[in-house]
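To start, the structure under review is shown below, and the notes come after it.
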Amino acid sequence: MKVGIIVYSQSGHTATFARTIADHLREAGIDYGIELLRPRGIPKPWTRNIEFRRIPEIDEYDIVLVGSPVWGFNASKVILKYLNSMKSLKGKKALPFVTYGLPLKSLGVNRSLKRMNAELEELCADVLEGESQYYFLFKTNKNKMNEAAKRIVERIKR
Ligand SMILES: Cc1cc2nc3c(=O)[nH]c(=O)nc-3n(C[C@H](O)[C@H](O)[C@H](O)COP(=O)(O)O)c2cc1C
């Protein structure tokens with residue numbers, strides 16, 4: 001089994017969450033790869049005109065974890081564009097994860113995960129429950145991040 005972590009991160013939080021998930025996968029003896037999505041230029045949160053330098057190849061992965069920041073009460077346009085460009089995930093499991101900065105999950109987290117779930121389902125993936133991690137003023141709770149990463153690994157192993 002190989003897990004692919006595909007992540008978009010503008011200020012580094014979601015990438016840190018992705019690396020923490022990777023640490024837990026490694027501890028559990030699960031093979032993985034991390035792919036950082038790199039759009040051309042710095043995408044404005046509202047722009048739909050996003051082009052990627054390279055679209056990650058995901059054929060080798062059995063499980064795909066897709067990470068994004070919450071932007072404007074929803075998943076970032078960048079990850080939505082990426083999900084729109086993906087080919088079928090039939091036969092694969094998938095799980096979304098997000099980071100966010102406003103104190104309530106009702107301010108974008110729930111909607112982001114729901115939207116990413118819907119996109120992954122549309123791609124015929126077997127979708128697992130997602131996770132979120134709160135960042136306040138560029139700081140986060142490492143214990144909570146480790147707990148979330150552990151839950152992800154447990155769901156993957158089931
Ligand atoms: C343009 C923009 C819009 C944002 N909108 C929201 C939002 O609606 N809800 C929220 O909880 N956080 C919001 N945030 C905070 C980010 O989700 C949070 O800082 C996230 O951890 C950034 O991830 P990154 O460092 O991987 O880019 C927003 C941040 C930016 C830059």
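Please treat every number below as a calculation from the coordinates, not as lab data. Here the structure is a predicted model, which means the values were calculated and not measured. Here the Cβ is made from the backbone with ideal geometry for all residues, glycine too, and neighbour counts use every protein chain on show.
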#### Entry: Footprinting exposure proxy for THR20, THR14 (fewest neighbouring C-beta atoms within 10 Å first)
THR20, THR14
## Note on the structure
Both in Å, the radius of gyration and Dmax of the C-alpha trace of the chain are 14.3, 39
### Contact order normalised by residue count of the chain, Cα under 8 Å, 6+ apart, percent
24
#### Entry: Separation in nanometres of the label points that stand 7 Å from Cα toward Cβ, at ALA28 and ARG53
3.0
### Task
Filter the cross-link list LYS114/LYS150; LYS93/LYS150; LYS93/LYS139; LYS2/LYS105 down to pairs whose alpha-carbon distance in this structure exceeds 27 Å.
LYS93/LYS139; LYS2/LYS105
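Taking the Cα centre of the chain as origin, sum charge times position over the Cβ atoms of Lys and Arg (+1) and Asp and Glu (-1), and report the length of that vector in debye to the nearest 20.
Computed about the Cα centre, the dipole is about 500 debye.
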#### Entry: Distance between modelled label sites at ASN141 and SER11, nm, 7 Å Cα→Cβ extension
2.0
## Note on the structure
Least to most buried among ARG40, ARG115, by other C-beta atoms within 10 Å and fewest first, runs ARG40, ARG115
### Query
Of all DSSP beta bridges located in the chain, what percent are antiparallel, nearest 5?
15
